[in-house]
Amino acid sequence: MIEIKEIIFNSYSGYYNYLKNEILYPGWDNYFYGLIIISLVVWTLEIIFPWREHQKLFRKDFWLDLFYLFFNFFLLNLILLIALSETTAHFFDKLLFSIGLKLEDLKLFDVNELPFYSGLLLFFLVSDFFQWNTHRLLHRVTFLWNFHKIHHSAKEMGFATHMRFHWMEPVLYKSILYIPLALIGGLNAQDVIFVHFFSIIIGHLNHANIGWNYGKLKYIFNNPKMHIWHHTKSIPNKYGVNFGISLSLWDYLFKTDYVPTDGKNNELGFLDDQEVPDNFLGQEVYPLKF
């Protein structure tokens, strides 16, 4: 028990010091200012190239989504995720040890042994594929869908809608992603930052008020004209369509793609979405009522 308390304490103090240094001593690999810069650039693109011209610059729930942006990317790590991740890893290591194994024994190969860009690409593909499958679970399992409703309650899309989600979602994503990444080994934090920044850019653009689809690249990368159908209220599949996170590739491969028109004026949301509260605390409690 003392060991667990130390892990949790070290997680909190370690991430607090990390976040403080991110803010006070910015570097090229800084997530805090990186998120701000990416957000400002994509918001500027929304202003210059608005797809839905009737949508206001400060659209519905703009400030709520902006709060979610910083809460889910930084504060949630401080409050819960880092400590939970470290504790989960500790228990998993203990479980393996009890049956005479170590985490290294499960590793199929080490991406660090591959050429740098090959290892980075493999890490990205594995991560995105498992996140795509996790996203499908959020739509297919009723218990999980109740949490994912928060993201789909957005009635107008903008860059910050990307980070509008209940705190249970990253818990699920990180838990499912832990095993496959353990199997291929990990890259160091400075290498992975390229993948994370790229994912943030794609995610922001997917939700932005920009009518882009990237031409032929739409069959590889998720895009605003594809993702709008994922948020559309009336779709032919009750479990949803277009589950891609950064890549649309998986949807085209597994036949979950659906882009019949550009979707510009689609009504967004889901059946009975008016039941979702319009404030942060209400949305955090909402899924727990089911």
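Only the coordinates and a few stated rules stand behind these numbers; no lab work does. In this text the structure is predicted, and so the values were computed from the model without any measurement. Quick reminder, even Gly has a Cβ in these numbers, built from the backbone with ideal geometry, and neighbours come from all protein chains shown.
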message: Shape verdict for region 34-289, please, from the Cα gyration tensor: rounded (a/c under 1.5), prolate (a/b greater than b/c) or oblate.
response: prolate
- prompt: Projected onto the charge dipole of region 34-289 (+1 at Lys/Arg Cβ, -1 at Asp/Glu Cβ, origin at the Cα centre), which of Asn223, Phe280, His54 gives the Cα projection farthest towards the positive end?
  reply: His54
field: Simple label model, 7 Å out from Cα along Cβ direction - His196 to Phe254, nm
entry: 2.6 nm
- request: Take the alpha-carbon centre of region 42-71, take the same for region 179-231, and report the distance between them in whole Å.
  value: 19 Å
